[in-house]
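In what follows, a single structure is set out as structure tokens and then discussed.
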Protein chains: 2
Amino acid sequence: MQQGVRITELFSEEEEYLGKTVKVQGWVRTKRDSKAGISFIELNDGSCLRNLQIIAEHEESDYREVLDKLTTGSSIGVEGKVSPSPGKGQSIELHATKIEPYGWADPATYPLQKKRHSFEFLRQIAHLRSRTNTMGAVTRVRNRLSYAIHQFFQERGFHYIQTPIITASDCEGAGDIFRVTTLNPTNIKPGESENIYEQDFFGRPTYLTVSGQLQAEIYALSLGKVYTFGPTFRAENSNTSRHLAEFWMVEPEMAFYDLQDNLQLAEAFTKTIIAMCLEDCAEDMDFFARFMQPSLRENLEQIVNSSFEIVTYTEAIDLLKKSTEAFTFPVEWGSDLQAEHERYLTEKVFQKPASIIDFPRAIKPFYMRVNDDTKTVAAMDVLMPGIGEIIGGSQREERLDVLLEQMQLKGISVEDYRWYVELREFGTAPHSGFGLGFERLVQFITGLGNIREAIPFPRTPGHADF
Amino acid sequence: MQQGVRITELFSEEEEYLGKTVKVQGWVRTKRDSKAGISFIELNDGSCLRNLQIIAEHEESDYREVLDKLTTGSSIGVEGKVSPSPGKGQSIELHATKIEPYGWADPATYPLQKKRHSFEFLRQIAHLRSRTNTMGAVTRVRNRLSYAIHQFFQERGFHYIQTPIITASDCEGAGDIFRVTTLNPTNIKPGESENIYEQDFFGRPTYLTVSGQLQAEIYALSLGKVYTFGPTFRAENSNTSRHLAEFWMVEPEMAFYDLQDNLQLAEAFTKTIIAMCLEDCAEDMDFFARFMQPSLRENLEQIVNSSFEIVTYTEAIDLLKKSTEAFTFPVEWGSDLQAEHERYLTEKVFQKPASIIDFPRAIKPFYMRVNDDTKTVAAMDVLMPGIGEIIGGSQREERLDVLLEQMQLKGISVEDYRWYVELREFGTAPHSGFGLGFERLVQFITGLGNIREAIPFPRTPGHADF
């Protein structure tokens, strides 16, 4: 069928299109009939936030009948002439000569009417919510950020690798994980449970991955610089505005990078992709500033132009202890920083992004590199004002003897991680990496209150719809 | 730490680097000692297939001791002067002034020695196999193709969407699927099985997705043009060289596209990403031609320069019936085409890629658009000489009444797919899409005999290692 011009193209090349006859295709957002015998149709095709105004004359016999049935949500193709618009808020409009209806939307039952719906309600109709301004804008911003991530790493010689989703290792015992099985739990007979996994697809217990880091290390120690960008999972029973059971992670991993190199990369990465998004999604970002957070653009621009503060965990504890703030959680060397502490540091003390490094060895995973003081590890958390941690990373322990000691201390089975240990036996090299939760980033950049709006189909306890 | 120059950069900007002192970092592939007191070290850093030759003089006191311990697999940093190479097969070499050892590799235990290992063996050491020429080349080609996929769609105004991995729908009953659960199958008491899912994470049975298509349709019918690129799963007990239990799929989905538009997009897509790979991975592709398939480059170039044949299923059946070939499977209107039929058509009849369209309604899924003859649907299979089907797609049924009729015929529950039906009730529009199995494409382009080499960590029955 004849492809129409996309509305974003019409707007961005107005001069080019003015006076020409074009076809557009999309969904009716609103229709308003004037007494003068004209209908004003706001048409959206998802290519941008803005609607194209269609001017349809009631006397036009070619589409008079169509016009009567057109309501919010209908899908149409329109041919017409691109003309200067006298209306405010738009420079061009389309004078329809032909309207082809594709699909109606009965106003008695179509759930998306011209009013603001709550996000809770919209989540229940996730098959229609991408037709709203907010979710359309989220989708475009999410798309731009996804591609920016690839552009950033590709331009720097990183190789994109896809690490496995199904894994037999329960990865550093990172909280609750999902099992993957072909066994039918309603069909297990008593007494079968002993050797039950022999009948399972992989012949052993398998899980959904919580991180691609350990496998990415394999590729860093052969290809040099790699990154993953894929789904990861947590079966935590957390019903908060910041947790998803299924979310996407970006995990770069680099040979011959120490913690300082890692910090620099994380900063350049964050700033570059935010800047790309601000530049290329200006209209959508203005929308979020208007409806979510007035200072959104300003805050993000400040991040792009700042240089991130770097402090050690020990220095951070000192700063917190000196403060007069009334924290709910006690501040003590050896305890993890709480959200309130992180926010105090970025929002009150530094007033910009800050990376905390060199955390106590006891509170961090076995693979982080032990510092010379033997009490801390070369970890880093990158904190943003307003949202807290968005990046966690470390230099990895590349020394065989120290890794084995760490595994023993933390109770990690050398047998289960034989291959990981062997990476230190054969051609080991200093290397580092970090992870960024993609939906947290989307939430941060759009100012959305709940992370469930930052992903097309959120999975949370009790919810796996669509 | 000081970052070295990557070897691919040295080679691609030889003129620039000649005579300069640089640092490189990587893994020793081989070391050969001459009687004249010189060691020749082949260093690889994963940035390209080629090794950099390091010239190390035994008399150089700075690294004499290091040199003795350097063996295949060791990781080192080398500083030296880029010099013209008198040796054949390379234009430059590095005269070492300093060698910094990062990690040794005991030749008595390091599994990757300088000889050809079988792919079966390499799969067992998947943590080291990316250090081989073949797996390094696969990784770079896979990376280039991944990025080419994003570039192709982004340049055409498509939005990348991430469809869910965990799903409550068993998607058109597509064969065997994996269950996702937090229930422990060894810990289910008799009598509990009745309402067992009430205790499960999502409160209902959930599975790993077999396709993002149905969810992508949601976004096509709001954003216009979208694509997914993510992992999908099949729990089929297939131990073949073409099947994986976990593989990545690309699934574009476009509103206002009919089958002809869909065919054109699939052809442009295939040709563009193959051309990008041939151009940017020339060295790796030459390697595959040399060791996998001598005619590889020629075949791929022919595909890039061909225009794909388009025939209906009915025409294809006629061609097969007319042939004198002795097929194992009978040729009959109404049966699916077998691999031998597909290969005969592309390799003998057309001698180029061919798209078969308009398949019998009875052998295709419920969502494909019913043609006017009511006997066929607007399906398409894109076949490649040598490998068969790499793309499957269709125009989707956008008419509510026909969709409901199809669902009834195929025994699909309207209740389970309520939201999918509603997309046809509210603002439905003609739309189309297709799916491409990414590892099949990688296998096809590299000429690899087994798909298990086309992915970093293959998952197959009984295998979920690493």
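The values are calculated or read from the model by the stated rules, or taken from the named source; none is laboratory data. All figures in this text were calculated on a predicted structure; none of them were measured in a lab. Positions of Cβ are backbone-derived with ideal geometry, glycine not excepted, and every protein chain shown enters the neighbour counts. The accessibility values were calculated without ligands, DNA or RNA, using every heavy atom of the protein model including side chains. Shrake-Rupley method; radii C 1.70, N 1.55, O 1.52, S 1.80 Å.
Computed values, structure above
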read-out: The one condition in (1) over 30 Å from B:D372 (Cβ atoms); (2) among the small types (G, A, S); (3) more than 10 Å from every other protein chain (Cβ to nearest Cβ) that B:A268 fails to fulfil; value: (1)
read-out: Selection count, the stretch B:390-401, where residues are open to solvent by 40 Å² or more (accessible area, probe 1.4 Å) and more than 12 Å from every other protein chain (Cβ to nearest Cβ); value: 1
read-out: Enumeration of residues in the stretch B:182-213 that are buried (at least 23 other Cβ atoms within 10 Å of the Cβ) and either acidic (D, E) or more than 7 Å from chain A (Cβ to nearest Cβ) (or both); value: B:T209, B:G212, B:Q213
read-out: Test for A:M249: is it touching a His at 6+ places or on another chain (Cβ under 7 Å) and among the hydrophobic types (A, V, I, L, M, F, W, C); value: no
read-out: A:D258 in contact with a helix residue (DSSP H, G or I) (Cβ under 9 Å, 6 or more places away or on another chain) and among the charged types (D, E, K, R); value: no
read-out: Scope the stretch B:111-123; condition touching a residue at least 40 places away in the same chain (Cβ under 8 Å) and either open to solvent by 70 Å² or more (accessible area, probe 1.4 Å) or part of a loop (DSSP other than H, G, I, E, B) (or both); matching residues; value: B:L112, B:Q113, B:K114
read-out: Test result for B:R144, within 21 Å of the chain's Cα centre (by Cα), among the charged types (D, E, K, R) and open to solvent by less than 20 Å² (accessible area, probe 1.4 Å); value: no
read-out: Given (1) at pLDDT 95 or above; (2) out of contact with any Lys or Arg (no Cβ under 9 Å at 6 or more places or on another chain), index of the condition B:D286 fails; value: (2)
read-out: Members of the stretch B:232-263 found to be open to solvent by 10 Å² or more (accessible area, probe 1.4 Å), within 16 Å of B:A379 (Cβ to Cβ) and of a type in the set (S, T, N, Q), listed by number; value: B:Q260
read-out: Residue, nearest to B:Q408 (Cα to Cα), within the stretch B:311-329, restricted to residues that are of a type in the set (F, W, Y) and open to solvent by 40 Å² or more (accessible area, probe 1.4 Å); value: B:F329
read-out: Exclusive hit being acidic (D, E) and without any contact (Cβ under 8 Å) to a residue 40 or more places away in the chain, set B:E251, B:E279, B:E236; value: B:E279
read-out: Residues of the stretch B:330-342 that turn out to be under 17 Å from B:G392 (Cα atoms) and surrounded by fewer than 17 Cβ atoms within 10 Å (Cβ to Cβ), as a count; value: 4
read-out: Filter pass, A:A275 being within 25 Å of B:R234 (Cα to Cα), among the small types (G, A, S) and surrounded by fewer than 23 Cβ atoms within 10 Å (Cβ to Cβ); value: no
read-out: Scan of the stretch A:56-77 for residues that are under 26 Å from B:G157 (Cα atoms) and without any contact (Cβ under 8 Å) to a residue 60 or more places away in the chain, ordered by number; value: A:T72, A:G73, A:S74, A:S75, A:I76
read-out: Among the candidates B:A108, B:A96, residue that is aliphatic (A, V, I, L, M) and open to solvent by 40 Å² or more (accessible area, probe 1.4 Å); value: B:A108
read-out: Subset of the stretch A:433-466 (residues that are of a type outside the set (A, V, I, L, M), more than 10 Å from chain B (Cβ to nearest Cβ) and part of a strand (DSSP E or B)); value: A:G433, A:F434, A:G435, A:G437
read-out: Filter result for the condition that a residue is buried (at least 21 other Cβ atoms within 10 Å of the Cβ), within 7 Å of another protein chain (Cβ to nearest Cβ) and over 19 Å from the mean Cα position of the chain (by Cα), over B:T167, B:T139; value: B:T167
read-out: Looking only at the stretch B:402-431, and only at residues there that are in a loop (DSSP other than H, G, I, E, B) and more than 7 Å from chain A (Cβ to nearest Cβ), the one that is farthest from A:V24 (Cα to Cα); value: B:G411
read-out: The one condition in (1) in contact with a Pro (Cβ under 9 Å, 6 or more places away or on another chain); (2) of a type outside the set (S, T, N, Q); (3) open to solvent by less than 10 Å² (accessible area, probe 1.4 Å) that B:K410 fails to fulfil; value: (3)
read-out: Enumeration of residues in the stretch B:181-233 that are in contact (Cβ under 8 Å) with a residue 40 or more places away in the chain and touching a Leu at 6+ places or on another chain (Cβ under 7 Å); value: B:E217, B:I218, B:L221, B:F233
read-out: Considering residues of the stretch A:345-372 that are in contact with a helix residue (DSSP H, G or I) (Cβ under 7 Å, 6 or more places away or on another chain) and part of a helix (DSSP H, G or I) only, the residue most open to solvent (accessible area, probe 1.4 Å); value: A:V349
read-out: Residue within the stretch A:372-382 that is farther than 22 Å from A:L214 by Cα and touching a Lys or Arg at 6+ places or on another chain (Cβ under 7 Å) present; value: yes
read-out: Any chance A:P86 is within 11 Å of chain B (Cβ to nearest Cβ), open to solvent by 60 Å² or more (accessible area, probe 1.4 Å) and without any contact (Cβ under 8 Å) to a residue 60 or more places away in the chain; value: no
read-out: Which numbered condition A:D176 fails, given (1) under 24 Å from A:L441 (Cα atoms); (2) within 10 Å of chain B (Cβ to nearest Cβ); (3) surrounded by fewer than 23 Cβ atoms within 10 Å (Cβ to Cβ); (4) modelled with pLDDT of 95 or more; value: (4)
